[in-house]
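Working notes for the structure below.
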Amino acid sequence: DYYRFKQRIYFDIKYSKKLKPFQIQFRTRFQIGYADISPDYKSGNTEYYLRNKFSLKKEIKKNCTPYVSFELFSPLNYPRTSAFDDMRATAGVEYSFSKRNKIDVFYMIQKQLNVSISTTDFILGIGYYFKL
């Protein structure tokens, strides 16, 4: 029944290691989120998160790479009884058409943690990547 605009700024640090035939990746993301920027904007609408993601990929063919990943969301600017309030688990396949073009098909489960009424989202997605 309503919508709102949200803006995000984030900074990533990534580490990747190849252990043939697998590739292990770890990413930590510092995210700042602003909601409802308008004339009646209040500074309390700013959210700070630390998001840690672990991924495991296995190259089957030169252009086909299935993967699994797990991500935890840690709020930084409001008190919680627990360190995490969201999690994402994803399984998918990346397919490269060329060095510059790649498609990603995935299934994600996103769940709220440590709240009285938790929601779980089941997401089927497709992404397209183009390298400049």
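Can you list the strands (runs of 3 or more DSSP E) lying wholly within the stretch 43-132 that have 2 or more residues being of a type in the set (Ser, Thr, Tyr)?
Working: elements: 46-58, 64-75, 86-96, 101-112, 120-130.
In the stretch 43-132, the matching strands (runs of 3 or more DSSP E) lie at 46-58, 64-75, 86-96, 120-130.
If TYR48 satisfies every condition in (1) at pLDDT below 95; (2) farther than 16 Å from ASP12 by Cα but one, which is the exception?
Unmet condition: (2).
So which residues in the stretch 81-92 are hydrophobic (A, V, I, L, M, F, W, C) and open to solvent by 40 Å² or more (accessible area, probe 1.4 Å)? Quick ask: steps written out before the conclusion?
Taking the stretch 81-92 as the starting set, the residues that turn out to be hydrophobic (A, V, I, L, M, F, W, C) are 83-84, 87, 89, 91.
Hits for the stretch 81-92 are ALA83, PHE84, ALA91.
So which of ASP104, ASP1, ASP12 ends up being modelled with pLDDT of 90 or more and exposed (fewer than 12 other Cβ atoms within 10 Å of the Cβ)?
Values: ASP104 fails: exposed (fewer than 12 other Cβ atoms within 10 Å of the Cβ); ASP1 fails: modelled with pLDDT of 90 or more.
Being modelled with pLDDT of 90 or more and exposed (fewer than 12 other Cβ atoms within 10 Å of the Cβ) holds for just one of ASP104, ASP1, ASP12, which is ASP12.
Does the stretch 15-38 hold any residues that are surrounded by 12 or more Cβ atoms within 10 Å (Cβ to Cβ) and charged (D, E, K, R), and which are they?
Selection gives ARG27, ARG29, ASP36.
Being under 21 Å from ILE24 (Cβ atoms) and surrounded by fewer than 13 Cβ atoms within 10 Å (Cβ to Cβ) is true for just one of TYR78, TYR95, TYR129, TYR67. Which residue is that? Don't jump to the end; show me each part of the working.
Values: TYR78 fails: under 21 Å from ILE24 (Cβ atoms); TYR95 fails: surrounded by fewer than 13 Cβ atoms within 10 Å (Cβ to Cβ); TYR67 fails: surrounded by fewer than 13 Cβ atoms within 10 Å (Cβ to Cβ).
Unique residue meeting the criteria: TYR129.
If a residue must be modelled with pLDDT under 80 and of a type in the set (D, E, K, R), how many such residues does the stretch 27-45 contain?
Looking only at the stretch 27-45, we keep the residues that are modelled with pLDDT under 80, and these are 35-45.
So of that shortlist, the ones also of a type in the set (D, E, K, R) come out as 36, 40, 42.
So the count comes out to 3.
The values are calculated or read from the model by the stated rules, or taken from the named source; none is laboratory data. Predicted, not measured: the structure shown is a model, and the values here were computed from it. When we count neighbours, we look across all protein chains shown, and the Cβ atoms used for this are built from the backbone with ideal geometry, even at glycine. Side chains are part of the model used for accessible areas, which takes the heavy atoms of the whole protein and leaves out ligands, DNA and RNA. Shrake-Rupley method; radii C 1.70, N 1.55, O 1.52, S 1.80 Å.
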